[in-house]
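The values are calculated or read from the model by the stated rules, or taken from the named source; none is laboratory data. Predicted model, so just to flag it, every value in this text is computed and none were measured. Cβ coordinates were reconstructed from backbone atoms using ideal geometry, including for glycine residues, and neighbour counts include every protein chain displayed.
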């Protein structure tokens, strides 16, 4: 397995060290360690902050502050790109991960088919 979060933060300032996160949520600390240095960590941090299930309690304040400090520190080491580019692969549903990288999501295809069905027929070009 990869380095732990503690190993990845050896050179970090003391205020970034996530003692409460490590003690209370070791699985989340492990996930952060696994994503450290990768762009996917931004989405993970976002998922931690937003309750899309509707039933989460949230983090204790000290853990939340540590997660935010880790996010800020990670961004200082690995700045996100200036512009966000979504590739076709980013748009593919997770359950369709085996699909080719140029696959078009089902919703886009359905929307386009509906739009074409409502368009008047075009005259053929010669």
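Please find, within the range 1-31, the residue that is modelled with the lowest pLDDT out of those that are farther than 11 Å from residue 70 by Cα and in a loop (DSSP other than H, G, I, E, B).
My answer is 1.
Could you list all residues from the range 1-16 that are out of contact with any helix residue (DSSP H, G or I) (no Cβ under 8 Å at 6 or more places or on another chain) and either within 21 Å of residue 61 (Cβ to Cβ) or in contact (Cβ under 8 Å) with a residue 60 or more places away in the chain (or both)?
Of everything in the range 1-16, just one residue is out of contact with any helix residue (DSSP H, G or I) (no Cβ under 8 Å at 6 or more places or on another chain) and either within 21 Å of residue 61 (Cβ to Cβ) or in contact (Cβ under 8 Å) with a residue 60 or more places away in the chain (or both), namely 14.
Yes or no, residue by residue, for (1) in contact with a strand residue (DSSP E or B) (Cβ under 7 Å, 6 or more places away or on another chain); (2) over 19 Å from residue 77 (Cβ atoms); (3) surrounded by 11 or more Cβ atoms within 10 Å (Cβ to Cβ):
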site	(1), (2), (3)
5	no, no, yes
15	no, no, no
20	no, yes, yes
26	no, yes, yes
29	no, no, yes
40	no, no, no
54	no, yes, no
59	no, yes, yes
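If only one of 34, 58 is on the phi > 0 side of the Ramachandran plot and either at pLDDT below 90 or under 14 Å from the mean Cα position of the chain (by Cα) (or both), which one is it?
Working: 34 fails: on the phi > 0 side of the Ramachandran plot.
The unique qualifying residue is 58.
Those residues that are assigned to a loop (DSSP other than H, G, I, E, B) and in contact (Cβ under 8 Å) with a residue 24 or more places away in the chain, I need them from the range 39-58; list them, please.
39
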